Amino acid sequence: MRFWLRNEEMALEEMVQRLNAVSKNTDEIMHQDINPLCAADIQDQLKKRFAYLSGGRGQDGSPVITFPDYPAFSDVPDKEFQNVMTYLTSIPSLQDAGIGFILVIDRRQDKWTSVKASVLRIAASFPANLQLVLVLRPTGFFQRTLSDLAFKFNRDDFKMKVPVIMLSSVPELHSYIDKSQLTEDLGGTLDYCHTRWLCHRTAIESFALMVKQTAQMLQSFGTELAETELPNDVQSTSSVLCAHTEKKDKAKEDMRLALDEGQSILESIREPLAKSPEQSLNQDQLDNQTTVQRLLAQLNETEAAFDEFWAKHQQKLEQCLQLRHFEQDFREAKAALDVLAQKIATFTDVGNSLAHVEHLLKDLISFEEKSSAAVERARALSLKGEQLIDNKHYAVDSIRPKCHELQDLCDQFAAEVAQRKGLLNKSLELHGLLEASMKWCDEGIYLLASQPVDKCQSQDGAEAALQEIEKFLETGAENKIQELNKIYQDYEPILTQDLMEHVQKVFQKQESMEEMFHRRQASLKKLAAKQTRPVQPVAPRPEALTKSPCPSPGVRRGSENNSSEGSALRRGPYRRAKSEMSESRQGRSGSTGDEEESLAILRRHVMNELLDTERVYVEELLCVLEGYAAEMDNPLMAHLISAGLQNKKDVLFGNMEEIYHFHNRIFLRELENYIDCPELVGRCFLERMEEFQIYEKYCQNKPRSESLWRQCSDCPFFQECQKKLDHKLSLDSYLLKPVQRITKYQLLLKEMLKYSKSCEGAEDLQEALSSILGILKAVNDSMHLIAITGYDGNLSDLGKLLMQGSFSVWTDHKKGHAKVKDLARFKPMQRHLFLHEKAVLFCKKREENGEGYEKAPSYSYKQSLNMTAVGITENVKGDVKKFEIWYNAREEVYIIQAPTPEIKAAWVSEIRKVLTSQLQACREASQHRALEQSQSLPLPASSSTSPTKGNPRNVKKLEERKTDPLSLEGYVSPTTLPKPPEKGKGWSKTSHPLEAPEDNDGWSSAEEPINSSDAEEEGGVGPRKLVPGKYTVVADDEKGGPHTLAVRSGDMVEVVQEGDDGLWYVRNLTSSKEGWVPASSLSMLLGKSSSAQCLSSSESSAGSALLSNSSSCSESCGAPLSDLQG
């Protein structure tokens, strides 16, 4: 890195030196170091043409400056004259200017006085060396005579360092300067155009300035490039490289334009030669040509210097970009290898059965195959780094350690995988021995149990049985564990505490079985040797086992967190039941033991089916995700994907990947922990019940997936993927697997529960079964919910969907045309109801069309009822399947007929739960609001009327009200609190029990006419009993005192609190005023208007219970549900 920086500094220094030389040479070429004056600066003065440099030369090469006849010569300011003289004398080369200038002053049309003044002025202010001054004097006779005399007598006035020669005619001038070096106005043949000369001079000087500025610009640009700090990421480095390249291209474009400009000037100077090859350029034109050529050479030198610097700088940036790519790839590769190292570190389990080890080994091999891509990328990146080093990259010190690190990580991972594979192979070998030993023991026990006792009583029978035993024992050499210590020594790396205990138990079982064989051998030998008396040995009944058992599956042990005793008790119930059957038969009742053993075997079969199908299910999901979903992102398969399938992977597969990860990483592994205790598997389901909610999302997407599949099932992409996977079934069959699986669980749980009635985990199994059925119901409900059309709001705002179903509905509204009401009573409407926490929706079910999932019905939204304004009547006279839902104090009544009485009971119970929860929430909100109001209530004018001051009893009552959790308002008197329904009133006997607290203070009794539906219909009479709440005033207050609140008919008031002396504290909601009103006046003012805050429960006309919650409940419990009717 330091070497490269030093090289770049050297390159920059070299370029700066070369460009400084270009700037210096440009100044020298243009004589800017001597005279910085430019033609553009004095262009207007040069245009006057009172003096010009025609390009002519004297005989010795002296430059000729001509002063043509210019009448206003004396009017030219000294500053202008000095500037023109200085500029003209700076144009010739230093060599020519050193010889001296020849001045030709043409005053043939002037007067002698002007001649004298001009000569004196020129002699006094000429800035360069003079060789000769030639004056063409006036041609008029008088002026010529006068000039002769005046020159003779005033010779001393013209004393100069050079001779001044008065010429009378042009021919005399030709004797001093050749005609070819004089312009046509002096009788010469020199082609001179002052305008063209001025244009050339301006262009040359502008070009020289351009060359100099270009050199300076490139010098600054090179410094800027060299000083740019290299970024630390790929994106920034790419941006810097692009930005520098753009600036370089712009600089190159400027240089190209400058070269074009120089060539254009050169062609303009050579234009006379192009027009007429016979013509030749004068000396000044040749000097101009040489100047331009030298400037072009300097420009080429500038470009060459910059190109050399840019090549090195570009190489540095490109290598920097390569380094940043390498570093980014290194970070990604290292992170991937670190993840692999973490994952391989989790492969610590050596298995607890032969099948388990095989599964772990399969997982390890699969993991190794999947990780090979990351390892190969890391190794390829290491080789790429070595190539960068070979290509003399400047950051060798940074690249080489990273290459070595990648190689080390890859080697470590490969070694770790090999070690894990070796341990699992060892474990596989050990479990194979254990399985063989267990199988041998099982077969031996079966052999002992199956030998007929009666036949062994004879000598021949005993000898035959003895031969069977001896023949079986011979097979032990291949199947049984020979030496326990040798097992410990050979398999020490994999022997965990749990596995060691398992080996010991298998060995103990083997020894016990062999001891049983030896005892049986001894008995049979005695019988075979001598038959003295018949002996009836006690042996297990062979009819219990009529055939040889099938090889038992691998025994799994519990996790290390369980005690060794507990894991031993749970290990392999089916196998132990068979192997220990003959030993334990005498210690328990035969029939009970056989039945329990049979149930254990059946539970084992159900558990095996659950695990086997779960593993198959996980493998099928992985197969679909890798064989179809991943291939949709494969560029090599893109040409096979139809346009309608583009970017539709999420639609086709839904959240299948989420389902796969849950089952593969979590659920399957946890299920395997219950293989030895299948009766407890319900706990596994209960612990993961929340995760099963992901199936609801999958099922909701299934109609869209089915529709997309039908549109694109003929796509070549699917056919190619199916061919690669060698699947007999198409993709749609596999997309149905999650739906089939979630329904399969409840069947397996039912089977497991059937065989586990008396087991420890029976309750968990029952709860798990109920939860799975609840999920299936939620999935089914959600499928119906997404089929609702025409609802403008957001269904999620209505709360959780509790129930849904189809009903016959009659309507009976107080408001409406009589014929419509009569018609509604006789003709029911078929409606599909959706009961949410906050509303109940009425929809019309549409006919089912289409195929597959498109056969699912759709529902047209008709109307909705806010649950805060809903009441129910449980029983309707004449039909046990009917109930009423009424709205806004029975303004709208809906008679609902369920398909069965059971469905009706379920709906009534659920609606009652919703209303009960709303009542409780309403009470809590009212209590909270009353507590807030207690801090701000004003006192009446007289202390004797204060509800609290001076009256300890009221203070105590007020405190009790503040702490009463069931009071609708914080200041309700205990005498006016609602009472529970009396016998024969409120909820009917046929209704389900109300799931509410025992102290139903929130329900008013039928004795309170202001809260009773019956009271409204019958118009109850009697003294008005005031309770806190909102009322409408029905009469004007004509007797209002100075300290009482004035109200008028139509005002909405809120009765807040009862005070002493018959006063009530009232808040006028219309005028926003508050005050105390006598109870007698208040009763008269309010008349029979009912409180806007009431929750009633009374008998309907059919004698059933009625639960209502008026629309103003929303005012107490918070904001009402928005626009449910829309």
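The values are calculated or read from the model by the stated rules, or taken from the named source; none is laboratory data. Given the structure is predicted, the values throughout are model-derived calculations rather than measurements. FYI the Cβ positions are ideal-geometry reconstructions off the backbone, even for glycines, and counts take in every protein chain you see. These accessible areas exclude ligands, DNA and RNA; they are computed on the full protein's heavy atoms, side chains included. Shrake-Rupley method; radii C 1.70, N 1.55, O 1.52, S 1.80 Å.
Listed values, structure above:
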item	result
In Hz, Karplus ³J(HN,Hα) per residue of segment 170-182 (6.51, -1.76, 1.60; θ = phi - 60°; x = Gly, Pro)	5, x, 4, 5, 5, 6, 9, 10, 5, 4, 5, 9, 10
Efficiency of FRET from Cβ geometry, Gln216 and Gln59, R₀ 35 Å, rounded to 0.05	0.20
Value of Rg to Rh for segment 448-502 (Rh from inverse mean 1/r over Cα pairs, i.e. Kirkwood)	1.28
Efficiency of FRET from Cβ geometry, Asp249 and Leu120, R₀ 56 Å, rounded to 0.05	0.40
Cα-Cα over 24 Å, subset of Lys334/Lys370; Lys737/Lys757; Lys212/Lys252	Lys737/Lys757
Computed log₁₀ I(q)/I(0) - Debye formula, equal Cα scatterers, no solvent, segment 399-516, q 0.16, 0.22 Å⁻¹	-0.83, -1.17
Violating pairs (Cα-Cα greater than 20 angstrom) within the set Lys250/Lys312; Lys116/Lys179; Lys455/Lys509; Lys439/Lys505; Lys362/Lys744	Lys116/Lys179; Lys455/Lys509; Lys362/Lys744
Leu173, Leu625, ranked by accessible area, largest first (probe 1.4 Å)	Leu625, Leu173
Per-residue ³J(HN,Hα) for segment 690-707, Karplus 6.51 cos²θ - 1.76 cosθ + 1.60, θ = phi - 60°, Hz, x for Gly and Pro	5, 5, 5, 5, 5, 5, 5, 5, 5, 5, 5, 7, 4, x, 5, 5, 4, 5
Length released on extending from Ser372 to Asn634, taking residue separation times 0.36 nm less the Cα-Cα span	92.5 nm
Full-stretch length increase - Gln131, Gln700 - with 0.36 nm per residue and alpha-carbon distance subtracted	193.9 nm
Nearest-0.05 FRET efficiency for Ala335 and Leu1069, computed from C-beta distance (R0 60 Å)	0.35
For Gly56, distant residues with modelled amide H under 5 Å away	Val64
Projected label distance in nm at Gln314 and Val616, using a 7 Å step from Cα toward the beta-carbon	6.5 nm
Low-density loop positions, trypsin sites (Lys or Arg not before Pro), segment 331-395 - DSSP coil, at most 14 other Cβ in 10 Å	Lys392
Cα-projected label distance for Gln95 with Leu273, points at 7 Å along beta-carbon direction, nm	1.8 nm
Extended-chain gain in nm, criterion 0.36 nm per residue less alpha-carbon gap, Glu514 and Lys439	25.6 nm
For segment 59-68, Karplus couplings with θ = phi - 60° (6.51, -1.76, 1.60), whole Hz, Gly/Pro x	5, 9, x, 6, x, 9, 10, 9, 10, x
Sum of side-chain charges, Asp96 neighbourhood, beta-carbon under 9 Å (Lys, Arg +1; Asp, Glu -1)	0
Which listed pairs, of Lys702/Lys838; Lys247/Lys316; Lys827/Lys904; Lys750/Lys777, have C-alpha distances above 25 Å, in listed order	Lys702/Lys838
Heavy-atom accessible area order for Ser796, Ser93, largest first, 1.4 Å probe	Ser796, Ser93
Calculated SAXS-style log₁₀ I(q)/I(0) at q = 0.30 Å⁻¹ - segment 262-306, Debye, Cα scatterers	-1.03
Trypsin sites (Lys or Arg not before Pro) restricted to DSSP loop in segment 685-743 with at most 14 other C-beta within 10 Å	Lys728
Cα shape, segment 70-117, gyration tensor, a/c 1.5 rule	oblate
In nm, spacing of pseudo-spin labels at Leu257 and Ser238 (7 Å Cα→C-beta vector)	3.1 nm
Segment 613-674 - charge dipole about Cα centre, Lys and Arg +1 at Cβ, Asp and Glu -1, debye rounded to 20	140 debye
